[in-house]
Amino acid sequence: MTNASPRTIVITGGTGVLGTLVAKTFAAQGHNIVLLDRDQTKLDSLIRGLNLPKERLHAQIIDLLDSNALHASAEAVHSKFGSVHALIHLVGGWTGGKTIPESSNNELEFMLNQHVWTTYNLLQSFAPHIAASRWGRVIVVSQPVTIKPAAKSALYAAAKSAQESLVLTLAEEYKESGLTANVIHVKSIDTKGMGKGTLPAEIVSAMTYLFSEEAGKVNGARIPLY
């Protein structure tokens, strides 16, 4: 269900299979799209596919670990559109297959950077603007390994758990502002339609619901989609 008026949606990781569908779906509903990515070639391809007028699109190559750059980006997005309504954070990555003693400090640092620091920097930069709009949505995709860790998944589980804690805490901190923050749990994403995992379309359908007016009371939830 679409909203009555266009919203401004920040999407990270939009050049992947899921992110591309997210961007196309919300663009088709008439919303303004903000794309933050690090791959210029893939970003250019997505921009061509969206075929949006410049006044409805803001696309930027950025390092999500650079907090200063993200703060500047948030100000630029707010300046262009007048408000920011949503953050859909899809940047991910997985490191695993090793026991804790077999794992390296570098692997842990990579996981923390991918999942914790990017989320922290994004929330610091964009959450105040989203809350100021008095209607907001923050959505991340995670994995139920955060609830029941599996063997040889410690680094990923630790980083995703921390990411979820940031998002679910945000839900409490801003619940009086009209901002909701939720986590969608999938075990795997079936990007090739092989019948194993959750289809990107199923994830986007859940996001579309969370983005609706009817989902205003869904806040601080881990939504199982597997």
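The values are calculated or read from the model by the stated rules, or taken from the named source; none is laboratory data. Quick caveat: nothing in here was measured; it's all calculated off a predicted structure. Methodologically, a virtual Cβ is constructed for each residue, glycine included, from the backbone with ideal geometry; neighbour enumeration extends over all protein chains shown.
List of remarks:
- Residue in segment 106-115 that is crowded, with 19+ Cβ neighbours inside 10 Å, farther than 29 Å from Lys80 by Cα and of a type in the set (A, V, I, L, M, F, W, C) present: yes
- Test: residue in segment 164-178 that is touching an Asp or Glu at 6+ places or on another chain (Cβ under 9 Å), surrounded by fewer than 19 Cβ atoms within 10 Å (Cβ to Cβ) and assigned to a helix (DSSP H, G or I): no
- Looking across segment 182-203, the residues that are part of a helix (DSSP H, G or I) and either modelled with pLDDT under 95 or surrounded by fewer than 18 Cβ atoms within 10 Å (Cβ to Cβ) (or both) come down to Ala201, Glu202.
- In this entry, Trp135 passes the filter for residues that are surrounded by 15 or more Cβ atoms within 10 Å (Cβ to Cβ), aromatic (Phe, Trp, Tyr) and touching a Gly at 6+ places or on another chain (Cβ under 9 Å).
- Cβ separations smaller than 8 Å between residues 6+ apart or across chains give the following pairs from segment 36-50 residues that are in contact (Cβ under 8 Å) with a residue 24 or more places away in the chain to residues that are of a type in the set (Lys, Arg): Gly49/Lys24; Leu50/Lys24.
- Among residues of segment 79-104, those that are of a type outside the set (Ser, Thr, Tyr) and touching a Phe, Trp or Tyr at 6+ places or on another chain (Cβ under 9 Å), counted: 8
- Taking (1) in contact with a helix residue (DSSP H, G or I) (Cβ under 8 Å, 6 or more places away or on another chain); (2) over 17 Å from Ile139 (Cα atoms); (3) charged (D, E, K, R) in turn, Lys24 satisfies each apart from (2).
- Considered as a group, the residues in segment 204-226 that are β-branched (Val, Ile, Thr) and not in a helix (DSSP H, G or I) include one that is farthest from the chain's Cα centre (by Cα), and that residue is Val218.
- Listed by position, the strands (runs of 3 or more DSSP E) enclosed by segment 17-132 that each have at least 2 residues that are under 15 Å from the mean Cα position of the chain (by Cα) are 32-37, 86-89.
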